[in-house]
Amino acid sequence: MAIKLAIFDFDGTLADTYPLFMDSLDVLAATHGFRRLACHERQRLRGLSATEVIRELQLPLWKVPAVLSDFRKIMRRRIDEARLFSGMASVLCAMVQKDIKVAIATSNSIDNVRAILGDPLLSRFAMLECGSTLFGKSHRLRRILKKTEVMRAQAIYIGDEIRDAEAAKKMGISFGAVAWGYTDVEVLLRTNPLKVFRTPTDILAI
């Protein structure tokens, strides 16, 4: 079936926030008492799932919500350092013009999403589901599917992490992997995505 709904992850998929995340790690580690990574260890994170990253950082699960909350606050203060990936705004507008609904399912806050997208582009989205827990994206996807009334066979979730692929699988929708995000694309290939997007304009192929 033709795709009628494209749901996007935000960080690492629409917005280039990975450098800010890496730059914030030491501050977050000092605040919350998890392990600080040496410079040579940081690249390894791109080959790990979210669960493996938490284990690598020696971060207790009960602290994860507070760490995420503090990172969102750091991003809000430094929002001028984060922006959409080049060409992404044009891709989103072109999809809407082709009658493909677009939505967002992210663990980031609505304030950060709005600040980076801007109100004119934000208005193009059929639905925004923001502020989910680290592993709560499937719930967000379910709400989007219900609200937009699009069949699961006509929807795709586009993301950059293994947890995005897992959420899509749990909801019975296709997964599209981007090659420019937090997780190395070779690792994402192991999740058997329906599509692999090497550049933002590749998304228009759906």
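The values are calculated or read from the model by the stated rules, or taken from the named source; none is laboratory data. Owing to the predicted nature of the structure, the values given are computational and were not obtained by experimental measurement. Neighbour counts are summed over all protein chains in view; Cβ atoms, including those assigned to glycine, are modelled from backbone coordinates with ideal geometry.
What's the number of the condition residue 33 fails, among (1) among the small types (Gly, Ala, Ser); (2) over 21 Å from residue 160 (Cα atoms); (3) touching a Ser or Thr at 6+ places or on another chain (Cβ under 8 Å)?
Unmet condition: (3).
Going through 202, 160 one at a time, which residue ends up being closer than 22 Å to residue 68 by Cα and modelled with pLDDT of 95 or more? It would help to see each step written out before you state the result.
Values: 202 fails: closer than 22 Å to residue 68 by Cα.
Matching residue, one of 202, 160: 160.
Within segment 7-35, work out how many residues are assigned to a helix (DSSP H, G or I) and of a type outside the set (Phe, Trp, Tyr).
Just the residues of segment 7-35 that are assigned to a helix (DSSP H, G or I), to begin with: 18-32.
If we keep only those that are of a type outside the set (Phe, Trp, Tyr) too, we end up with 19-20, 22-32.
Count: 13.
Working only within segment 142-176, note down all residues that are more than 16 Å from the chain's Cα centre (by Cα) and within 24 Å of residue 46 (Cα to Cα).
170
Among the residues of segment 14-27, which ones are crowded, with 23+ Cβ neighbours inside 10 Å and among the polar types (S, T, N, Q)? It would help to see each step written out before you state the result.
Taking segment 14-27 as the starting set, the residues that turn out to be crowded, with 23+ Cβ neighbours inside 10 Å are 14-15, 17.
Passing the criteria: only 17.
Report, by residue number, each residue of segment 124-157 that is of a type in the set (Gly, Ala, Ser) and modelled with pLDDT of 95 or more. Give the derivation first.
First, pick out the residues of segment 124-157 that are of a type in the set (Gly, Ala, Ser): 126, 131-132, 136, 138, 153, 155.
Passing the criteria: 126, 153, 155.
When residue 11 is evaluated against the numbered criteria (1) crowded, with 19+ Cβ neighbours inside 10 Å; (2) within 15 Å of the chain's Cα centre (by Cα); (3) not assigned by TED's automatic domain parsing to the domain that holds residue 161, which criterion, by number, is the only one it fails?
Condition not satisfied by residue 11: (3).
Residue-wise test of (1) touching a residue at least 60 places away in the same chain (Cβ under 8 Å); (2) aromatic (Phe, Trp, Tyr); (3) touching a Gly at 6+ places or on another chain (Cβ under 7 Å); (4) within 19 Å of residue 125 (Cα to Cα).
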residue: 10; (1), (2), (3), (4): yes, yes, no, yes
residue: 18; (1), (2), (3), (4): yes, yes, yes, no
residue: 64; (1), (2), (3), (4): yes, no, no, no
residue: 89; (1), (2), (3), (4): no, no, no, yes
